[in-house]
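The values are calculated or read from the model by the stated rules, or taken from the named source; none is laboratory data. Keep in mind that this is a model prediction, so the values were computed, not measured. We place every Cβ from the backbone using ideal geometry, glycine too, and count neighbours over all the protein chains shown.
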């Protein structure tokens, strides 16, 4: 609809519409106390959503957000003309609910505003720096958790600390400037899907800082805080039809629409060095130890999501709901959770895992949430260690089998050469895409329109040689290697759907 694109943009004066929740606090009296790195859709549907509720509760507050895009200017270009406002649309089978979020007070694009970003991070008013930069934004080896000193961004930032490009570069430079100015460190809050994300981030920051200055590393170690957190909300990519739907409801054009589900969860370790928003007023669970909750979510939600992404895509499905509504896929996920994942979890008795499993499947079935399997499949080399391989290691240690988990890993291996079961090309977005494609070429996986099953074993062994994904232990484990090779051969010989039926 061309006329919708020519509408007046969403702004402070035109967002009041019947049925739309709007900010009920004086935005011009909100100070900035949070800098968030990675101003993508997930942050705007999750952390900013919770902070918005705190601002509503407290009225005047110093916990507004400065959102920083580290790689691309699109979000800045969408939000700045709207004064930082955007629509959050919750969708399920009962309809759509729209609210305008006003918590983001400032938007910066780091490659063009690096000095401003560092100034904001160094300000004494900034007390929390949070981040959602995805697994690849940590510039680390996902298998070991160690800093990747050969990463080009890390090499650049160690040589040019005053002009950082990486997340770690910005964090350490801002902390160094605070130390020089006698300002206490901010609390650094990871909101990414990594095991013990706060501890992982702390170790990476300290390792990076040591390469610059041992004294700086000791100061961060002694004075800083890196609480772990667990985040959960499904946020598919926004489409043009989403923007048009919301804009028609608002009567003005919103370029920064975010679409999500009604469900949301945030669990945080309550370890902050200089204050925090009263997030518990918005339903955030503040706990002493987040690890059991994080492991449950990473293995059950993220693990089954990735399983569905690779196998469902290969079977010809486009969206999560379409795949999980196929009875054989639903059975695979149910059995994977109940028989292979749940026995590896150690949770408080208050957590009802049967109910949690049912809730996950219900969320996946949400017909209104057009969550593309291809979107979930991105960056698999960074996701596998947290989502699937940790569970497999626990199964191996207990002497137990893992046929469904093995099929999920094999599904990723079948996906990453960039060619589906019918010979059609797949766009692969992964930091190791070129290395994995070279393995596929060298082993003959890409010689014909349909790969020769005879290439299966050398290809699988070649991929298992990527230690940054599988570590040194798994490729040496005969049970693991045999299970992955068998599952991959099954996929090659009979396709994803038949394999899901047989293994489910």
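Can you confirm whether the stretch 280-297 contains a residue that is surrounded by fewer than 17 Cβ atoms within 10 Å (Cβ to Cβ), on the phi > 0 side of the Ramachandran plot and not assigned by TED's automatic domain parsing to the domain that holds residue 186? No; the residues of the stretch 280-297 include none that is surrounded by fewer than 17 Cβ atoms within 10 Å (Cβ to Cβ), on the phi > 0 side of the Ramachandran plot and not assigned by TED's automatic domain parsing to the domain that holds residue 186.
Of the set (1) outside any loop (DSSP other than H, G, I, E, B); (2) closer than 24 Å to residue 118 by Cβ, all apply to residue 91 but (2). Residues in the stretch 441-465 that are within 20 Å of residue 483 (Cβ to Cβ) and modelled with pLDDT of 90 or more: 11 in all. Restricting attention to the stretch 409-440, the residues that are in a loop (DSSP other than H, G, I, E, B) and either in contact with a strand residue (DSSP E or B) (Cβ under 7 Å, 6 or more places away or on another chain) or at pLDDT 95 or above (or both) total 2.
The sole residue among 184, 142, 152, 161 that is free of Cβ contacts under 8 Å to residues at least 12 places away in the same chain and either surrounded by fewer than 18 Cβ atoms within 10 Å (Cβ to Cβ) or farther than 21 Å from residue 47 by Cα (or both) is 152. The helices (runs of 4 or more DSSP H) located wholly in the stretch 321-384 that include 1 or more residues which are in contact (Cβ under 8 Å) with a residue 60 or more places away in the chain and under 28 Å from residue 88 (Cβ atoms) occupy 353-364, 373-377, 380-384. Kindly check whether there is at least one residue in the stretch 59-77 that is assigned by TED's automatic domain parsing to the domain that holds residue 188, closer than 27 Å to residue 321 by Cβ, crowded, with 20+ Cβ neighbours inside 10 Å and touching a strand residue (DSSP E or B) at 6+ places or on another chain (Cβ under 9 Å). Within the stretch 59-77 (the criterion being assigned by TED's automatic domain parsing to the domain that holds residue 188, closer than 27 Å to residue 321 by Cβ, crowded, with 20+ Cβ neighbours inside 10 Å and touching a strand residue (DSSP E or B) at 6+ places or on another chain (Cβ under 9 Å)), the answer is yes, since at least one residue qualifies. Of all residues in the stretch 114-139, which are farther than 25 Å from residue 227 by Cα and without any contact (Cβ under 8 Å) to a residue 40 or more places away in the chain? Scanning the stretch 114-139 gives 115, 116. Considering each of 452, 397 in turn, give the residue that is surrounded by fewer than 15 Cβ atoms within 10 Å (Cβ to Cβ), closer than 23 Å to residue 195 by Cβ, free of Cβ contacts under 8 Å to residues at least 24 places away in the same chain and out of contact with any strand residue (DSSP E or B) (no Cβ under 6 Å at 6 or more places or on another chain). Exactly one of 452, 397 is surrounded by fewer than 15 Cβ atoms within 10 Å (Cβ to Cβ), closer than 23 Å to residue 195 by Cβ, free of Cβ contacts under 8 Å to residues at least 24 places away in the same chain and out of contact with any strand residue (DSSP E or B) (no Cβ under 6 Å at 6 or more places or on another chain), namely 397.
Would it be correct to say that residue 39 is over 22 Å from residue 278 (Cα atoms), in the same structural domain as residue 281 (by TED's automatic domain parsing) and surrounded by 14 or more Cβ atoms within 10 Å (Cβ to Cβ)? Spelling it out, it is not the case that residue 39 is over 22 Å from residue 278 (Cα atoms), in the same structural domain as residue 281 (by TED's automatic domain parsing) and surrounded by 14 or more Cβ atoms within 10 Å (Cβ to Cβ).
Of the candidates 125, 53, 105, 78, the single residue that is assigned to a loop (DSSP other than H, G, I, E, B) and either over 23 Å from residue 371 (Cβ atoms) or modelled with pLDDT of 95 or more (or both) is 125.
Here the condition is being crowded, with 23+ Cβ neighbours inside 10 Å, farther than 30 Å from residue 366 by Cα and under 20 Å from the mean Cα position of the chain (by Cα); of 175, 168, 194, it holds for 168 alone.
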